[in-house]
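Take a look at the structure below.
Any read-out appearing in this document is the output of simple, stated calculations on the displayed coordinates, not a laboratory observation. Please read all numbers here as calculations on a predicted model, not as lab measurements. When we count neighbours, we look across all protein chains shown, and the Cβ atoms used for this are built from the backbone with ideal geometry, even at glycine.
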Amino acid sequence: MITVLLGPPGVGKGTQAQAAAASQGWMHMSTGEMLRDEVGRGTELGLQADQFMRRGDLVPDDVMVDMVAVRVSQVPSKEVLLLDGFPRTLPQSEALVAKAPSGAIGLSVYFRAPDEVLVQRLLSRGRRDDAREVVRHRLAVYHETTEPLVGFYREQGILREIDADRSIEIIQEDLVRTVQAALEANFLP
């Protein structure tokens, strides 16, 4: 079951996905980590992506869809893949549905927190792409292009929300409980 993790930059999707994957034996795919790896290795994809990432813009859909499609198509239906950082736009979401096995997207978890909290979190990380103006731009891009996915998955009846302005441990408990409930609902007779 593919679980799409949604939420603005700095909300903790990656931290939560890594912890849940480690404790539950689930798979975790972070497109941000995949992109940073490509940039670090200086690949053609990395060089293309870096131009967009430096400005705080989204990497174009065609680049992202191709990168994710191969991995998504290999997920057995009863396995859990926590998909972190993709989709980020409605066209990416539609492409994911088209490329994923039927019924594979069983859940979307929306992590929410106030923008002021997110700005402080992002600035404290010290990444080169986390300068104040870039952080604010990334949040604006998120609100404009990615936040509409919350409604998209809500309409499908698969969206669950988690308050991400709490302790990491409490958020983790909520995430694991939410994914396990969706697994039971999707795969138990």
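Just want the ordering: Asp50, Asp163, from fewest to most Cβ atoms lying within 10 Å of their own Cβ.
Asp163, Asp50
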Inset, instruction - Could you tell me the largest-minus-smallest coordinate of the C-alpha atoms of the chain on each of the three principal axes, in descending order and whole angstroms? - result: 50, 36, 30
Inset, instruction - Might you report the magnitude of the Cβ-based charge dipole of the chain about its Cα centre, with Lys and Arg at +1 and Asp and Glu at -1, to the nearest 20 debye? - result: 240
Inset, instruction - Please label the shape of the range 123-189 as rounded, prolate or oblate, based on the square roots a ≥ b ≥ c of the eigenvalues of the alpha-carbon gyration tensor (a/c under 1.5 means rounded; beyond that, a/b larger than b/c means prolate, else oblate). - result: oblate
Legend entry - Fluctuation leader among Gly42, Gly12, Gly106 - the chain, Gaussian network, Cα springs under 10 angstrom: Gly42
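So what is the calculated 222 nm ellipticity per residue for the chain, using -39500 (n - 2.57) for each DSSP H run with n of 4 or more, over all residues, to the nearest 500 deg cm²/dmol?
Helices in the chain give a 222 nm mean residue ellipticity of -17500 deg cm²/dmol.
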Inset, instruction - Write down the percent of antiparallel bridges among all DSSP beta bridges whose residues are both part of the range 2-183, to the nearest 5. - result: 0
Inset, instruction - Calculate the spin-label point distance for Glu173 paired with Thr43, positioning each point 7 Å from the Cα along the beta-carbon direction, and give it in nanometres. - result: 4.0
Inset, instruction - Using only alpha carbon pairs under 8 Å that are at least six residues apart, calculate the relative contact order of the chain and give it in whole percent. - result: 34
Inset, instruction - Can you tell me the order of 128-135, 166-173, 52-59, 3-10 when each peptide is scored by its average per-residue count of other Cβ atoms within 10 angstrom, highest first? - result: 3-10, 52-59, 128-135, 166-173
